[in-house]
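**Q** Sharing a structure here in structure tokens format.
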Amino acid sequence: MDMSFEPGVVPEGPFVSARDGGAAGLEPGQAIDVAGEMFRELAEELHRLRVGLRTGLKEGAAGEPGELSGEVREAAKLVRDLRAATQLVLEERNRVDKLRKDIGGQAGQGRLDLDAARDEIGRRLACLRRAG
């Protein structure tokens, strides 16, 4: 039995670029927008889960102390999973933002205006001299 995997020449998935031959493929800018919307929806869902978990823990705390051991363990596991999922979403969001900047170009963003920085430093030093 052969265990190799050959995906084929036709790309699949929601982020297939039209230039890669996808019939209904997305342009790079569209793919980034789709990814941004997916991450926004996921962040909203994670927020709802977090609020629900917090509410459930408050309701469970009002019960018998002995009843909470299993529920607390399960809640702690859910909190760890939620934290890991949130971290993954933030990392992916940073990647999407970086790709958006790469596709859209810098257009003056991210440049350091040394003249403005020099003027600001001079202004702050003058304020310190007057105050001191």
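What follows is calculated from the coordinates using simple rules that are stated; it is not laboratory data. Everything numeric in this text was worked out from a predicted model, so none of it was measured. All Cβ positions, even for glycine, are placed from backbone atoms using ideal geometry, and neighbour counts span all protein chains on display.
**Q** What does the charge count near R100 come to, summing +1 for each Lys or Arg and -1 for each Asp or Glu among other residues with Cβ under 12 Å from its Cβ?
**A** Value of the local net charge: +1.
**Q** Can you compute the modelled spin-label distance between L125 and E37, with each label point 7 Å from Cα toward Cβ, in nm?
**A** Taking the two extended label points, one gets 5.2 nm.
**Q** Cβ under 14 Å from E41's Cβ, E41 left aside: what net charge do those residues give with Lys, Arg +1 and Asp, Glu -1?
**A** Around E41, the charge tally is -2.
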